[in-house]
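I have placed the structure first, in the form of structure tokens, so that the comments after it can refer back to it.
The values are calculated or read from the model by the stated rules, or taken from the named source; none is laboratory data. Keep in mind the model is a prediction, meaning the values are calculated, not measured. Reconstructed Cβ throughout: ideal geometry from the backbone, glycine too, with neighbour counts over all protein chains shown.
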């Protein structure tokens, strides 16, 4: 379980692969269930709880198909009034503190590895696509490469600089994009 602090809240985000919608045997009960509609097993399921002091305010569980993800420093963004989480192929945006689903966007064909703030938008490092989303979850642009955007050693495979985005694919090919999604040669 990972704990995050804001000025007013503690946010807990944790893997809850055993959760099954409608089951009475779930270890956790949630106020909201935000699952993609699918007949397949979700590769990523996260429980989210918001506390003020030690009082639980709201809870939600999110799940999506696609490649498995993990919660880490760059897989979520916590803003004053919203939480954005990479969950498999989807970015979920929930309100803080009530955890209402504001939007969800499939931002990659397989897996959303990381999410970053850029001006009033978000840059998504996906397995197959680099994407830019606006504050409402609309895809502004997407770019793909010859192979997946990760490397064998996971070193410097995705970097955002002041002037461009640099992504490296599995074959160690480098891609440079400006913030409008155009390839820079």
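Miscellaneous remarks
- Long-range neighbours under 7 Å by Cβ, at least six apart or interchain, first residue assigned to a loop (DSSP other than H, G, I, E, B) within the range 40-52, second surrounded by fewer than 18 Cβ atoms within 10 Å (Cβ to Cβ): 42/35; 43/68
- Extreme residue, nearest to residue 90 (Cα to Cα), among residues of the range 53-75 that are without any contact (Cβ under 8 Å) to a residue 24 or more places away in the chain and not in a loop (DSSP other than H, G, I, E, B): 56
- Positions within the range 61-77 being within 12 Å of residue 11 (Cα to Cα) and surrounded by 22 or more Cβ atoms within 10 Å (Cβ to Cβ), in sequence order: 76
- Flag for residue 55 being over 11 Å from the mean Cα position of the chain (by Cα) and at pLDDT 95 or above: yes
- Restricting attention to the range 7-39 and to residues that are surrounded by 15 or more Cβ atoms within 10 Å (Cβ to Cβ) and assigned to a loop (DSSP other than H, G, I, E, B), the residue that is nearest to the chain's Cα centre (by Cα) turns out to be 36.
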